[in-house]
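Data first, discussion second: the structure below is written as C-alpha cells.
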Amino acid sequence: MQKKFLLGTTAAVVLAAGTFGAVSANASNASSAAQAAPAAAAAAKKADADRDDLRQDTHLTIEAATKAAQATLKAAEKENQRVSVAVVDRNGNTIVTLRGDGAGPQSYESAERKAYTAVSWNAPTSVLAGRLAQAPNLKDIPGTLFLGGGAPVTANGAPIAGIGVAGAPSGDLDEKFAQAGVASLND
C-alpha cells in the first residue's frame, strides 16, 4: 500500500512539474512572440518593399474625394451653374458623386464618364477631345466621354483619380470647375 501511495505521489509530482514547466514555457514563448511580432512585421514590410513583383499605389481617400467634389460644386455655384461632379479612383471606380441643385439628369452619368476618361489617359478631357481627329475610334471605348470637363488628379506624376463635371453650358466651364476641385487637394 505504501508503494502504491509513493508511486502515485511521485507520478502526481512529476505530472505537476511537467504541467508547470509547459505553462511556464508557453508564457515565456508568448512573451517572446509578442516582443518579436513588431520586428517580424517590419522585416516583412521591408522584404515586400524590396520585391520587384509588388507595387504600392497611392489612392485618394474618401475624405479628399469629398473635399474635391464639394470645392468643384462651390466653384460652379459661384458662377450660377448647375452641375454634377464625380470623382473616380485610379481604376475608374466612383468614389463620390454629387449632383448640384437643379443639375440635369444627364449630368450625373456624363460627369462619371468624363472623370473616368481623364484618369484613364492622365489628361484633361478637352485635350483628349482634340485627339479624336487623329483617332476617331477613341470615342468607341466603353465608359469614356471625350468632352471638356474631366481633369486628372496626380501624385508624383502618376494619375490617382479623375474629377468629372457636367451640366454647364460648355465643356470649358465644366473643366474649369473640375480644375478647381483638383486645386483644392493642394491646399
Notebook entry, point to check: Which of the peptides 128-136, 178-186 is most tightly packed, and how do the rest follow, going by the mean number of other Cβ atoms within 10 Å of each residue?
Noted result: 178-186, 128-136
Next item on the list: Please list, or write none, the aspartates and glutamates whose alpha carbon is within less than 16 Å of the alpha carbon of residue 114, excluding same-chain residues fewer than 8 places away.
Entry: 89, 140, 172, 174, 175
Check: How many times 2.2 N^0.38 Å is the alpha carbon radius of gyration of the stretch 62-184?
Finding: 0.93
Checklist line | Calculated from backbone phi, Karplus (6.51, -1.76, 1.60) coupling profile of the stretch 76-81 in Hz, x at Gly/Pro | finding: 5, 4, 4, 9, 6, 10
Notebook entry, point to check: Hey, can you rank 52-58, 95-101 by average C-beta count inside 10 Å, highest first?
Noted result: 95-101, 52-58
Next item on the list: Report ³J(HN,Hα) in whole Hz for each residue of the stretch 99-106, in order, from the Karplus equation J = 6.51 cos²θ - 1.76 cosθ + 1.60 where θ = phi - 60°; Gly and Pro get x.
Entry: 9, x, 4, x, 5, x, x, 6
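Every number here is computed from the coordinates shown, using simple stated rules; none is lab data. Everything numeric in this text was worked out from a predicted model, so none of it was measured. Virtual Cβ from ideal backbone geometry, glycine too; neighbours counted across all protein chains shown.
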